[in-house]
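Novice: Just passing along the structure, written as structure tokens.
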Amino acid sequence: MKNIKFTYFKYTFILVCTMALVLSCERELSDETSFATFPTTAEIFIDAPVGLTDQFFRSFDPAAGANTSGFGVDNNTVYKGTSAIRIDVPASNDPEGNFIGGVFEDRGAGRNLTGYDALTFWAQGTTSGTITVGFGTDFDTLEGEPSYDVITSVQMTSGWKKYIIPIPDPSKLIQETGMFLFAAGGFDPLADGPNGNEIAWTFWIDELKFEKLGTVSQPRPIAFNGQDIAIQTFTGSEINIVAQGLAIKYDVDGENLEVIGAPAYFNFVSSNTDVAIVNQFGIASVIGEGTTEITAELAGVQALGSLAVSSSGTLPLAPVPMRPATDVKSIFSDAYTADTGSNFNPGFGGSTTETTEVGAPGELVRIYTNNNFTGIIFDNTVDASTLTHLHLDLYTNEPGTNVNIQIRDIGANGEIETNIFTGFPDGDDKDKRFTAAGLTVGAWTSVDIPLDGDLASQKNNLGAIILAGGPDFILDNIYFYKE
């Protein structure tokens with residue numbers, strides 16, 4: 001079988017890194033430690049690193065495509081003093097990596113930042129490229145502990161400009177080690193095409209520090225994209241509130257600014273804890289039957305938006321497949337051994353989908369929420385030349401749910417190629433499209449899709465299943481078979 005490569009429409013790796021940063025972890029202050037133990041140093045880089053160890057800068061993982069050679073100190077282009085940070089953003093075809101990113105880390109005991117309300121810096125760029133910046137992230141994470149990450153995007157200008165990143169709740173930062181993070185990829189906003197032309201460019205950062213400005217407005221927290229929404233679910237499921245649209249808006253010197261703050265800054269409240277509870281990572285666990293309303297607040301300010309959860313109790317089991325294993329090549333099913341590993345969270349640019357695997361051993365299902373489009377990407381191609389159908393079982397609690405299913409081959413060149421304007425296969429790729437409609441509400445519907453049409457001549461090289469619509473549904477027993 002072939003390993004699969006992908007050629008999608010352009011989307012930056014920065015978004016992926018951003019989400020990873022939001023979900024990272026940070027050490028907390030123990031009960032035995034004195035509040036006054038930790039230094040309150042505000043400066044991070046003023047001509048040189050301040051209060052950091054010699055190895056204060058750590059790059060993102062080169063294995064993920066990060067360029068490690070574009071970071072340095074410039075003694076010629078400065079805002080103030082004798083030197084500034086210089087970051088050379090690589091082009092998309094740079095053999096050393098197609099983006100650059102890293103963190104500045106205090107690897108000592110950490111700093112007490114409760115006396116400040118913002119991270120600030122001066123910066124300029126050779127083009128008006130956008131970079132991701134923030135604080136609260138380091139690479140010395142411990143699993144199972146909350147983080148206090150903050151990230152936002154800023155656009156460079158050709159002249160020096162001061163940038164301000166508010167701290168959502170300074171009282172939380174009593175022992176912070178993640179001083180600054182940045183991530184950027186090459187981009188020319190004047191180029192033709194919907195995504196521009198990725199190019200190499202440079203930006204500089206100077207006077208990087210925490211400040212008590214007093215001009216940062218009260219936070220305006222937002223949960224669930226500021227909407228009052230309702231979902232049907234079942235006992236044992238989980239809802240990622242971060243993926244439901246968690247953000248914080250500010251007014252800073254007359255300008256509107258939005259940041260993403262880690263869920264640990266928020267206090268989540270469930271009106272009925274017998275139905276659902278929410279942890280400090282923003283994960284709501286549905287534990288019983290009934291209804292509840294989940295709301296959030298930040299530093300005493302109620303967040304705009306709420307989530308009404310209705311749990312119908314225990315999810316019924318999907319039908320048990322009865323086909324002989326010799327006639328099946330499975331993608332996801334407890335009844336069969338998988339023919340290939342698969343990526344159920346491919347992170348397509350612009351996708352709003354959240355998918356999780358839940359259930360006891362032997363009863364696993366995959367839950368899809370807020371799906372606009374996503375995919376199941378096979379680690380290796382599936383040879384279905386002797387097979388006739390794709391089977392899957394679908395469950396929904398919402399009337400009128402329609403799921404669009406696209407079975408994709410990867411052609412002779414081993415790449416999934418998609419036209420960015422039409423969504424149809426490009427090059428030598430073929431597909432089979434099917435709309436699963438008329439689904440029974442509150443029960444499983446079995447769907448069988450013939451491997452015919454354009455796909456019939458190329459079904460020996462299948463690489464993915466693309467899913468659109470829904471937006472909320474559950475999948476089980478995904479497999480190819482011979483009639």
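All of the numbers you see were taken from the coordinates with simple rules; none came from a lab. No experiment lies behind these values; they were computed from the predicted model shown. Heads up, the Cβs are rebuilt from the backbone with ideal geometry, glycines too, and the neighbour counts pull from every protein chain shown.
Novice: Note down the net charge around PRO316, summing +1 for each Lys or Arg and -1 for each Asp or Glu among other residues with Cβ under 14 Å from its Cβ.
Specialist: Neighbourhood net charge equals -4.
Novice: At 0.36 nm per residue, minus the direct Cα-Cα distance, what do ASN225 and GLU293 gain on full extension? Give it in nm, one decimal, please.
Specialist: 22.9 nm
Novice: Could you work out the mean projected area of the convex hull around the alpha carbons of segment 251-402, in square nanometres to one decimal?
Specialist: Working: hull surface 52.2 nm².
Mean shadow area of the hull around the Cα atoms is 13.0 nm².
Novice: I need the phi-derived Karplus couplings for segment 328-335: 6.51 cos²θ - 1.76 cosθ + 1.60, θ = phi - 60°, integer Hz, Gly and Pro marked x.
Specialist: 10, 10, 8, 9, 8, 5, 6, 7
Novice: While we're looking at this one, here's another question. Principal axis lengths of segment 144-295 from Cα atoms, whole Å, largest first?
Specialist: On the principal axes, segment 144-295 reaches 57, 42, 31 Å in Cα extent.
Novice: May I pose another question? Need one number: convex hull volume per residue for the chain, Cα atoms only, in Å³. Numbers along the way, then the final one.
Specialist: On the way: hull volume 78.0 nm³, N = 483.
For the chain, the hull spanned by Cα atoms encloses 161 Å³ per residue.
Novice: Right, another one. Quick one: of the DSSP bridges fully inside the chain, what percent are antiparallel, nearest 5?
Specialist: Values: 124 of 138 bridges.
Taking every DSSP beta bridge within the chain, about 90 percent pair in antiparallel fashion.
Novice: While we're on this one: Note the angle between two axes, namely the Cα long axis of helix 13-22 and the longest principal axis of the Cα atoms of the chain, as a number of degrees from 0 to 90, rounded to the nearest 10.
Specialist: Result, in degrees: 80.
Novice: When Lys and Arg each count +1 and Asp and Glu each count -1, what net charge do the other residues less than 11 Å away from PRO450, Cβ to Cβ, add up to?
Specialist: -1
Novice: Determine, from the Cβ-Cβ distance of THR40 and THR440 and an R0 of 56 Å, the FRET efficiency 1/(1 + (r/R0)^6), rounded to the nearest 0.05.
Specialist: Taking R0 as 56 Å, the efficiency between THR40 and THR440 is 0.35.
Novice: Sticking with this one: Can you list the HN-Hα couplings for segment 357-368, worked out from phi with the Karplus curve (6.51, -1.76, 1.60; θ = phi - 60°), rounded to whole Hz and with x for Gly and Pro?
Specialist: 3J(HN,Hα) across segment 357-368, in whole Hz: 9, 9, x, 6, x, x, 10, 6, 9, 10, 9, 10.
Novice: Here's another thing I want to ask about it. Give, as a single signed number, the net charge of other residues whose beta carbon lies under 13 Å from the beta carbon of THR120, with Lys and Arg counted +1 and Asp and Glu -1. Can you show the working numbers first?
Specialist: Numbers: positive: LYS80, LYS161, LYS162, LYS209, LYS212; negative: GLU43, ASP117, ASP206, GLU207, GLU211, ASP253.
Net of charged neighbours comes to -1.
Novice: If you average the sequence gap of Cα pairs under 8 Å that are 6 or more apart and divide by the length of the chain, what percent do you get for the contact order? Display every interim value, and only then the final one.
Specialist: Values: 1293 pairs, mean separation 71.4, N = 483.
Averaging sequence separation for qualifying contacts and normalising by length gives 15 percent for the chain.
Novice: For segment 284-336 and segment 203-269, what is the centre-to-centre distance using only Cα atoms, to the nearest Å?
Specialist: So the two Cα centres are separated by 25 Å.
Novice: Rounded to two decimal places and with Rh computed the Kirkwood way over Cα pairs, what is Rg over Rh for segment 360-483?
Specialist: With Rh from the inverse mean 1/r over Cα pairs, Rg/Rh is 0.97.
Novice: Residues with amide H under 5 Å of ALA118's amide H, sequence separation 5 or more or different chain, H placed in the peptide plane at 1.01 Å from N; which?
Specialist: Sorted by chain and number, the residues that satisfy this are ILE167, GLU211, LEU213.
Novice: May I pose another question? If you place +1 on the Cβ of every Lys and Arg and -1 on the Cβ of every Asp and Glu, how big does the dipole about the Cα centre of the chain come out, in debye to the nearest 20?
Specialist: So the magnitude is around 480 debye.
Novice: Something else: Which residues' amide hydrogens lie under 5 Å from the amide hydrogen of THR127, considering only partners 5 or more residues apart or on another chain, with H built in the peptide plane?
Specialist: Residues meeting the criterion, in which the H sits 1.01 Å from N, are THR202.
Novice: What ³J(HN,Hα) values, in whole Hz, does the Karplus curve 6.51 cos²θ - 1.76 cosθ + 1.60 give for segment 86-96 when θ = phi - 60°, with x put for Gly and Pro?
Specialist: Those phi angles translate into 10, 10, 9, 7, x, 6, 5, 9, 5, x, 8 Hz.
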